[in-house]
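Coordinate-derived values only; no laboratory data. Note that this is a predicted model, so its numbers are computed, not measured.
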């Protein structure tokens with residue numbers, strides 16, 4: 001009996017993860033039919049068997065195998081800002097972007113407008129798109145949102161109205177030198193005439209709770225400001241808070257009575273609720289110049305008042321409190337342009353598409369498994385030959401063989417280890433350490449690389465670092481023989497101290 005088809009979904013963030021919601025909405029019959037897993041970034045890094053998956057479902061273009069797999073992309077929002085080929089400051093060549101997306105088999109979509117906008121950015125084949133809606137919007141439309149929000153903020157009462165403030169990022173932890181826009185950093189709202197005490201008084205007088213949720217990219221940059229602004233009326237929310245309760249942002253976003261944002265595509269999802277939206281495009285011209293927008297004019301595509309000062313913001317909130325139909329017509333116009341489906345069944349539609357695609361490609365999947373197994377067996381034989389060269393002292397030939405191996409294959413833990421041993425046998429401990437460290441950076445789950453680091457440091461007399469790496473190797477090791485060796489070494493170290 002052939003093993004089940006294995007499907008891996010990657011969960012990189014708690015701020016609107018489509019994979020999180022798709023996984024938790026998996027039909028029972030598919031859980032029985034397939035081997036389905038949801039992996040965090042940490043779990044992927046420490047997973048030595050990622051290549052064993054047959055299907056990868058991604059949200060940020062992350063691919064982790066050099067072998068042919070089925071790749072399905074859900075992305076992480078409706079493209080509103082210029083990105084990839086449509087980002088004015090993109091440094092990745094168009095050819096690389098297009099090559100990346102050529103490896104994707106299916107792209108889940110909101111609508112034909114999504115197809116057009118997304119394809120302008122990535123240059124994929126339009127036939128790959130499936131209009132299904134996205135899983136996180138199933139949660140957005142859930143009736144459980146208020147109950148989930150109470151887990152995070154128990155003091156919110158039934159009489160309180162909740163406003164979410166969710167701006168897009170200007171500075172990324174991935175590329176900190178790339179700054180988009182020039183929002184006033186003197187206050188988290190970015191607006192002029194900001195007065196914290198006055199804002200809190202206004203919120204309290206109107207029974208309002210303002211929840212600040214920054215983009216995950218910016219959370220680390222504004223920790224002090226977030227701590228300073230917290231009060232009875234102004235609450236803050238981050239990925240860690242959500243993860244602590246095993247929640248995603250979209251589990252609670254539906255509890256919001258109003259949304260404030262700027263260029264974040266979260267408002268496109270929020271249109272499904274037909275609730276008030278306020279926009280703060282305080283650096284619109286700079287943002288358009290630096291990053292670029294896919295839809296213009298901005299005023300048409302953003303169905304709500306535009307505010308630049310705190311008095312403007314408070315007036316807009318009061319107007320919405322008095323008239324919930326303010327901008328209702330504009331919201332409905334854009335709702336129908338952006339969303340083909342307006343229900344909470346996107347996950348079911350996506351799973352139907354995935355199941356159908358797998359069934360249609362079963363022969364290909366099984367042939368890929370055979371090819372991968374044969375390729376790994378060949379790799380193993382080549383590496384055994386290289387290892388024998390090293391053990392027999394044919395270091396130059398071994399080095400040449402390693403370089404030739406890397407022409408046809410990506411580096412793996414064994415290659416990093418053998419390269420490090422070559423340097424060590426040539427008397428170059430520093431280069432050996434660097435090779436082992438590079439290997440550990442790419443393959444943190446590999447116990448042998450950690451052991452080798454301990455061995456080198458022991459050989460040069462740095463017992464403290466040797467002890468540390470041996471202990472790390474022991475903590476991760478699944479090899480009884482290696483465990484015995486390490487325990488003996490640690491016992492010797494402890495005795496000699």
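Based on alpha-carbon atoms only, what is the radius of gyration of the stretch 127-169 relative to the globular estimate 2.2 N^0.38 Å?
1.65
Rounding to the nearest 10 and keeping the result within 0 to 90°, find how far the Cα-based axis of helix 346-360 lies from the longest principal axis of the chain.
The two axes meet at around 40 degrees.
Using the Cα atoms as the points, what is the convex hull volume per residue of the stretch 36-125 in Å³?
About 118 Å³ per residue, rounded to a whole number.
Give or take rounding to whole Å, what are the principal axis extents of the alpha carbon atoms in the stretch 142-339, in descending order?
Rounded to whole Å, the extents work out to 43, 39, 34 Å.
Per q in 0.22 1/Å, what log10 I(q)/I(0) does a Debye calculation on the alpha-carbon atoms of the stretch 398-446 return?
So the normalised log intensities work out to -0.74.
Over the stretch 411-496, consider all pairs of different Cα atoms and compute the Kirkwood hydrodynamic radius from their mean reciprocal separation; express it in Å, one decimal.
The Cα-based Kirkwood calculation yields 12.7 Å.
Based on DSSP H runs of at least 4 residues, each adding -39500 (n - 2.57), what is the mean residue ellipticity at 222 nm of the chain after dividing by all its residues, to the nearest 500 deg cm²/dmol?
After summing the helix terms and dividing by residue count, I get -15000 deg cm²/dmol.
For the chain, report the translational diffusion coefficient in µm²/s to the nearest whole number, using Stokes-Einstein at 25 °C, 0.890 mPa s, and a Kirkwood Rh over Cα pairs.
The calculation lands on 95 µm²/s.
In degrees from 0 to 90, rounded to the nearest 10, what is the angle of the helix 395-408 Cα long axis to the longest principal axis of the chain?
For 395-408 against the chain, the angle is about 30 degrees.
Indicate, rounded to the nearest 5 percent, the antiparallel portion of the DSSP beta bridges found entirely in the chain.
The antiparallel proportion sits near 5 percent.
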